[in-house]
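Every number in this text was worked out from the coordinates using simple rules, so none of it is lab data. Treat the numbers as computed from the prediction; the structure is a model and nothing was measured. All Cβ positions, even for glycine, are placed from backbone atoms using ideal geometry, and neighbour counts span all protein chains on display.
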Amino acid sequence: MTTFEQSAARLVAVDDLGASQVAVVEKTPHGALAVGLSAGKPFAVSNRCRHLFASLGKGHVTDDGCLQCPSHAALYDVGTGKMVRGPQGAFKPVAGAVKATTGARSLKTFPVELRDGVIWLVD
Ligand code: FES
């Protein structure tokens, strides 16, 4: 085992992300995280949507690199954790209000590295 592997926590292999480019990793030192790739860069954020707590790791990464919630399609910037678009569908009329209230609290973001096809937590 290398020094890096002793100090970092293995999260998920890129090959296991599938087409969504994100997965839930349940057991980490920070609880469940949504872990994935955005524009080729790894990310890890807290897993619960700020709207109605859907599992963000069950969503997908959009073409422009945002993490989309699987329930009502809110969008998050995975670099900052900020909600950049409120919920859609039936909630669209209140999307701005959701973004300004519960959505104003960013997701937690965690430092990760991509090594040999695996995303590692490095804090
Ligand atoms: S639970 Fe995520 S947008 Fe509604």
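Within the chain, count lysine pairs with alpha carbon atoms under 24 angstrom apart where the residues are 8 or more positions apart or belong to different chains.
15
Give me the distance in nm between label points sitting 7 Å out from Cα along the Cα-to-Cβ direction at M1 and F53, one decimal.
Using points 7 Å along Cα→Cβ, the separation is 3.4 nm.
Starting from the 7 Å offset along Cα-to-Cβ, what nm value, one decimal, do you get for the label separation of V94 and R115?
4.6
What residue among R50, R85, R105 has the largest mean-square fluctuation in a Gaussian network model of the chain, using Cα springs under 10 Å?
Among R50, R85, R105, the largest mean-square fluctuation in the Gaussian network model of the chain belongs to R105.
For R115, which sequence-distant residues (separation of 5 or more, or a different chain) have an amide H within less than 5 Å of its own amide H, given hydrogens modelled in the peptide plane?
Here the answer is W120, since their amide H atoms fall under 5 Å of that of R115.
Where in the range 40-81 does the label zone of A104 land, with the point 7 angstrom along Cα→C-beta and an amide N cut-off under 20 Å?
Counting only backbone N, you get 49-53, 74-77, 80-81.
Show me the ranking of peptides 56-62, 25-31 by mean Cβ neighbours inside 10 Å, starting with the highest. Walk me through the numbers on the way to the answer.
Values: 56-62: 21.0, 25-31: 13.0.
Ranked by mean Cβ neighbours within 10 Å, highest first: 56-62, 25-31.
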